[in-house]
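Below is one structure, written out as structure tokens, with a few remarks after it.
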Amino acid sequence: MKKNDNKGANIKMGKKEIVNNDPVNNFRELVDRYKRFEDNVAFQHKQKGKIIDITYKKFREDIKALRNSTFELRRYRKNSNNWQQSL
């Protein structure tokens, strides 16, 4: 298995190419790395024929909400004796 050397990636923002060689140790660092671009569009998707822009800020907020929901679910599982019976 090839060892991950944690080298950054070249990211293209419009006509500019950003070279980022800082290592990323976890997903939080990856998401937080793009705070300075929070008003820029991270990606787009189509919904009911309309193109929806997702900014880096919205993406970061969605990731944090997913993380919090996952933690809440784990806590509920640990504290609930009837969790498996409710499935």
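Derivation of every value follows stated rules applied to the coordinates shown; laboratory data play no part. This is a predicted model, so every value here is computed, not measured. Every residue, glycine as well, gets a Cβ built from its backbone with ideal geometry; the counts of neighbours run over all protein chains shown.
Overview of results
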{"item": "Local net charge near Val31, Cβ-Cβ under 9 Å (Lys/Arg +1, Asp/Glu -1)", "result": "+3"}
{"item": "Residue-by-residue Karplus 3J(HN,Hα) for region 57-73, coefficients 6.51, -1.76, 1.60, Hz, glycine and proline x", "result": "5, 4, 4, 4, 5, 5, 5, 5, 5, 5, 4, 5, 5, 5, 4, 4, 5"}
{"item": "Cβ-Cβ FRET estimate between Arg33 and Ser80, R0 fixed at 25 Å, reported to 0.05", "result": "0.10"}
{"item": "Amide proton proximity set for Thr55, modelled H, under 5 Å, gap of 5+", "result": "Ala42"}
{"item": "Pairwise FRET efficiency - Phe71 versus Gln44, Cβ, R0 = 30 Å, nearest 0.05", "result": "0.55"}
{"item": "Net charge of neighbours whose Cβ lies under 12 Å from the Cβ of Phe43, counting Lys and Arg as +1 and Asp and Glu as -1", "result": "0"}
